[in-house]
Amino acid sequence: MSTVLVDDHLLLRVLLADEPPSLRTAGAALATTGLWYHRLCRALGDDAVVGSLSRRLGAVDEAIASDVLGAVAVLPDEVELVSLRDLAWDMAALLHEGTRLNLLGLEALAAARHLAAEICLAGVDDNPPLRAAARARAVEVRIIVD
Amino acid sequence: MEVADLGHALIIVPAEGGGLRSVVRSAVVDAGGYAGLAAAVAAADPDLA
């Protein structure tokens with residue numbers, strides 16, 4: 001079974017039942033990384049999102065709006081998230097080989113290698129250093145624009 | 001209707017038009033869109049860029 005490793009932009013669309021049609025073929029598995037998921041949670045926790053959601057839910061307390069966001073952001077079982085337990089050594093090895101990526105990129109590349117997955121990035125999240133490092137290691141990267 | 005049980009509160013929204021997920025999607029748009037929100041996080045933390 002093939003696996004697509006999605007960034008936070010695409011993950012949010014999946015969580016909001018708006019998965020891009022071109023993201024995966026039938027039966028393909030979904031995965032993401034801890035830091036993409038962390039970025040998603042931080043972004044959704046922005047005061048502007050919480051405030052808007054509070055108003056849209058009838059001026060509910062912002063703590064409740066925040067809890068709603070947390071409930072929507074819960075990763076479904078079908079989305080795999082590989083632990084650093086399985087990635088940390090490879091991330092360090094990538095650095096020792098001279099790879100110049102930040103932690104987010106290192107985790108994504110190591111996770112894709114671990115899962116034999118294709119990395120899928122939203123068009124607005126194109127990451128040339130990650131693409132170059134992935135290409136050098138025969139990891140596929142696809143930009144999703146629909 | 002869609003009901004979300006938060007444990008200490010029940011959120012009830014019309015199911016028509018996408019329910020709770022649609023409301024969250026609209027809140028993200030109101031806040032400037034997800035791209036801008038993620039960019040702000042990345043600007044604050046280069047390891048998330």
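The values are calculated or read from the model by the stated rules, or taken from the named source; none is laboratory data. Note that this is a predicted model, so its numbers are computed, not measured. All Cβ positions, even for glycine, are placed from backbone atoms using ideal geometry, and neighbour counts span all protein chains on display. Quick note on the areas: whole protein, heavy atoms, side chains included, nothing else; ligands and nucleic acids left out. Shrake-Rupley method; radii C 1.70, N 1.55, O 1.52, S 1.80 Å.
Counting every Cα pair in chain B, what percent are over 15 Å apart?
On the way: 696 of 1176 pairs.
For chain B, the share of Cα pairs beyond 15 Å comes to 59 percent.
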Could you pull out the GluC sites (Glu not before Pro) across region A:96-128 that fall in loop regions by DSSP (anything but H, G, I, E, B) with no more than 14 other Cβ atoms inside 10 Å?
A:Glu97
Report the FRET efficiency, 1/(1 + (r/R0)^6), for A:Ala26 and A:Arg135, where r is their Cβ-Cβ distance and R0 is 35 Å, rounded to 0.05.
0.80
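Carbon and sulfur: what percent of the protein assembly as shown's accessible surface (1.4 Å probe)? If you can, show how the numbers build up before the last one.
On the way: 5210 of 9430 Å².
Using a 1.4 Å probe with all protein chains present, the protein assembly as shown comes out at 55 percent carbon and sulfur.
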³J(HN,Hα) across region A:78-92 via Karplus (A = 6.51, B = -1.76, C = 1.60, θ = phi - 60°), whole Hz, x for Gly/Pro?
6, 9, 7, 9, 7, 6, 4, 3, 9, 10, 4, 5, 5, 4, 5
Testing the spin-label approximation: label points 7 Å from Cα along Cα→Cβ at A:Asp47 and A:Leu84. State their distance in nm.
2.9
Which of B:Ala43, A:Val14, A:Gly123, positive extreme of dipole for the protein assembly as shown (C-beta unit charges)
A:Gly123
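Relative contact order for chain A using alpha-carbon pairs under 8 Å, separation at least 6, rounded to a whole percent?
31
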Take B:Ala4 and A:Glu97, extend 7 Å from each Cα along the Cα→Cβ direction, and tell me the distance between the two endpoints in nm.
4.1
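What total accessible surface area, summed over both chains, is buried at the interface between chains A and B, computed with a 1.4 Å probe and given in Å² to the nearest 100? Before the final figure, lay out the partial values.
Values: alone 8070 and 3900 Å², together 9430 Å².
Chains A and B together bury approximately 2500 Å².
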At q = 0.08 Å⁻¹, what base-10 log of I(q)/I(0) does the Debye formula yield for the protein assembly as shown when every alpha carbon is treated as an equal point scatterer in vacuo?
-0.28
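Below 11 angstrom from the Cβ of B:Ala42, what's the summed charge of the other residues (Lys, Arg +1; Asp, Glu -1)?
On the way: positive: A:Arg39, A:Arg42; negative: A:Asp8, A:Asp125, B:Asp45, B:Asp47.
Net of charged neighbours comes to -2.
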Against the rule of thumb 2.2 N^0.38 Å, how large the Cα Rg of region A:1-112 comes out:
1.24
